[in-house]
Amino acid sequence: MSLNQKPDFGPLHGVRVVVSAMEIAGPFPAHMMAEWGADVIWIENTSYPDTIRVQRNYCELARRNFKTITLNMFAEEGREAFLRLMKDTDILIESSKGPSWPRHGITDELLWGANPALVIAHLSGYGHWGDPNYINLPSYDLIAQAFSGYLVQNGTVEQPVPAFPYAGDYFAGFTVLSSALAALYRAKQTGQGESIDVSMYEALLRVGQYYMMDYFNEGKVYPRSNMGKDPLCVGCGVYKCKDGYMTMELVGARQVAGMMKELGKDALIGTDACPEGCQLLLLSMPHGTETEADIDKYFADMTLADAEAVMSRLKIAGGRMMTVQDLENHPHYVAREDIVTWEGSNGRTVKGPNIVPRFKNRPGQIWRGMPDRGEHTKSVLEGLGYNDQQIAELEEKGIVLLKK
Ligand code: COA
């Protein structure tokens, strides 16, 4: 063990992250950093536990490698402990209903008073400024998908269907992850911190794709994808084979020509239906919908193994839809040790995904299971200079909660 009683591993060893957030979107970037070697302290609300704890199995993945402290940083004495913690913290991630921290008296300027190099990532549904009717509203994945123009793109023509599982949370989480690390790079060079305003809906707006750009620039509005098919392109979707579902993305000049020949449509190559060098067949091109129907028929007569063999022969990106049962023992998953077991909370053995991605020189590591509520409150406070009596007083006042 070395710095912060954490084993020395990963590219982020030596970086301290504090996260005050519930569920997925806010904790997720902190969790990725914890897997890449950061020392991560998760602050839980003194009034109630993080709702993630209800998801008995998922929380073991989502909170492994974390330490936790149960602290009310909005109470005066709690704020003092929190500011002491900030002195040695590199990144603070907080998720709340808009500008709730400054409303509770914790402004960016107060935090920079404790640590001018601190990177502060504020995550909220709608951002910290804008229309006053929105900025204080709560938000979860579905609400962000709905507000951002993401939901309107997914599902069938008749029924919008959110992109599960929780795409809005993870896109927002990745936005916090990347922006906080970008700001940390700068802070390490200059000593100047940063405050980042991440709104869940804008993270999804940014990945709005051609739905947005074709509308803004040409006024085009597409129907929602129907039955797992791309609404714009031929050969991009989910196809039913005899024994399951196959996927294909027919993109690239070699791939398009290869598939047209495979379908016996050589005569169309070099015409308006498939101009020479065509990289993407559109449904709106001559014979577009007819070719799509031909692809449906082509796959319907095949087994998944045959379909995958064709994709491999033509070097087209495609593959069968795996179930979770399929992937567990798939030779590629086994070869890459994608599913592992580790010691979770209370000594329980848990099974789930390995660290992603794989760093060659400084690999990530699973070094501890999900902590119990309040598990490290005492040790973190001791590290901040509090003695037993002071800790007992804070507990008595309900400002901290210790593990029972
Ligand atoms: N100790 C004491 N009080 C705390 C605390 C702590 N450690 N952390 C938060 N609180 C307070 C909050 O300030 C809040 O008080 P307020 O309503 O007066 O501001 C109260 O406890 C409730 O906390 P909050 O986390 O806001 O819970 P909520 O159930 O009201 O809302 C969310 C939860 C997730 C909807 C909301 O935090 C939110 O919109 N977050 C941003 C988007 C997001 O991350 N969504 C979840 C994606 S998975």
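The values are calculated or read from the model by the stated rules, or taken from the named source; none is laboratory data. Every value quoted in this text rests on a predicted model; they were computed, and no experiment measured them. Note that each Cβ is placed from the backbone with ideal geometry, even for glycine, and that neighbours are counted across all protein chains shown. What goes into the accessible areas is simple: the full protein's heavy atoms, side chains included, and nothing from ligands, DNA or RNA. Shrake-Rupley method; radii C 1.70, N 1.55, O 1.52, S 1.80 Å.
Taking only the alpha-carbon atoms of region 2-150, what semi-axes of the equivalent ellipsoid follow from 5 times the gyration tensor eigenvalues under a square root, in whole Å, largest first?
24, 20, 15
Would you compute, for the Cα atoms of region 224-358, the largest minus smallest coordinate along each principal axis and list the three values in descending order, in whole Å?
Largest to smallest, the principal-axis extents are 66, 30, 28 Å.
Distance cut-off 29 Å, Cα to Cα: go down the list LYS240/LYS315; LYS360/LYS403; LYS67/LYS87; LYS229/LYS261; LYS220/LYS261 and report the pairs above it.
Beyond 29 Å between Cα atoms: LYS360/LYS403; LYS220/LYS261.
So what is the orientation-averaged projected area of the chain, using the convex hull of its C-alpha atoms, in nm²?
23.7 nm²
So what is the relative contact order for the chain, in percent, with contacts set as C-alpha pairs under 8 Å and at least six apart?
Relative contact order here is 19 percent.
Using a Förster distance of 60 Å, how high is the FRET efficiency between LYS360 and ASP131, based on the Cβ-Cβ distance and rounded to 0.05?
It comes to 0.80.
Select from THR291, THR46, THR323 the residue whose mean-square fluctuation is largest in a Gaussian network model of the chain (Cα-Cα springs shorter than 10 Å).
It is THR323.
For region 115-183, which chymotrypsin sites (Phe, Trp or Tyr not before Pro) pass both filters: DSSP loop (anything but H, G, I, E, B) and at most 14 other C-beta atoms within 10 Å?
Taking region 115-183 and a limit of 14 other Cβ atoms within 10 Å, the loop chymotrypsin sites (Phe, Trp or Tyr not before Pro) found are TRP129.
From the square roots a ≥ b ≥ c of the eigenvalues of the alpha-carbon gyration tensor of region 243-294, which class results: rounded (a/c under 1.5), prolate (a/b over b/c), or oblate?
In terms of gyration-tensor shape, prolate.
Let me cross-check LEU283: its accessible surface, 1.4 Å probe, with only protein heavy atoms counted, in Å² to the nearest 10?
Roughly 50 Å² of LEU283 is accessible to a 1.4 Å probe.
Of the beta bridges DSSP finds with both residues in the chain, what % are antiparallel, to the nearest 5?
45 percent
Using a 1.4 angstrom probe on heavy atoms only, work out the carbon and sulfur share of the accessible area of the chain in %.
Exposed carbon and sulfur together represent 55 percent of the surface.
I'd like the projected area of region 133-271, averaged over all directions, using the convex hull of its alpha carbons. Report it in nm² with one decimal.
Answer in nm², one decimal: 14.0.
May I ask you to rank SER379, SER284, SER95, SER100 by accessible area, largest first, using a 1.4 Å probe over the protein chains only?
Sorted by accessible area, descending: SER284, SER379, SER95, SER100.
Tally the DSSP beta bridges in region 1-147 and give the antiparallel ones as a percent, rounded to 5.
Here the share of antiparallel DSSP bridges comes out near 5 percent.
Hey, with R₀ at 30 Å, roughly what FRET efficiency would ASP272 and GLN159 work out to, going by the Cβ-Cβ distance, to 0.05?
Efficiency for this residue pair is about 0.30.
Any idea how far the Cα center of region 242-281 sits from the one of region 299-332, in Å?
The two parts, judged by their Cα centres, are 19 Å apart.
Can you compute the modelled spin-label distance between LYS87 and THR303, with each label point 7 Å from Cα toward Cβ, in nm?
For the pair LYS87/THR303, the computed spacing is 6.9 nm.
Roughly how many Å² of ARG84 are accessible to a 1.4 Å probe, to the nearest 10?
The accessible area comes out at roughly 70 Å².
Please compute the length gained on full extension between ALA182 and GLU76, using 0.36 nm multiplied by the number of residues separating them and subtracting their Cα-Cα distance.
Gain in length upon complete extension: 35.0 nm.
Take the Cα radius of gyration of region 207-255 and divide it by 2.2 N^0.38 Å, with N its residue count; two decimals is plenty.
1.39
Counting only protein chains, not ligands or nucleic acids, how are SER20, SER312, SER195 ordered by accessible area (probe 1.4 Å), most first?
SER312, SER195, SER20
Suppose a student asked you for the relative contact order of region 294-390, using Cα pairs under 8 Å spaced at least 6 residues apart; what percent would you report?
Averaging sequence separation for qualifying contacts and normalising by length gives 14 percent for region 294-390.
From the C-alpha coordinates alone, can you work out the Kirkwood hydrodynamic radius of region 356-397, in Å?
By the Kirkwood definition, the hydrodynamic radius is 13.1 Å.
Where the centroid of each part is defined by its Cα atoms, how far is region 345-386 from region 94-166 in Å?
Each part's Cα centre sits 26 Å from the other's.
Would you look at the GNM of the chain, springs on alpha carbons closer than 10 Å, and say which of LEU280, LEU204, LEU123 moves the most?
LEU280
DSSP loop GluC sites (Glu not before Pro) in region 281-341 with at most 13 other Cβ atoms within 10 Å of their Cβ, which ones?
When the GluC sites (Glu not before Pro) of region 281-341 are filtered for loop state and at most 13 Cβ neighbours within 10 Å, GLU337 remain.
Please identify, among PRO286, PRO49, PRO27, the residue showing maximal mean-square fluctuation in a Gaussian network model of the chain using a 10 angstrom Cα cutoff.
PRO286
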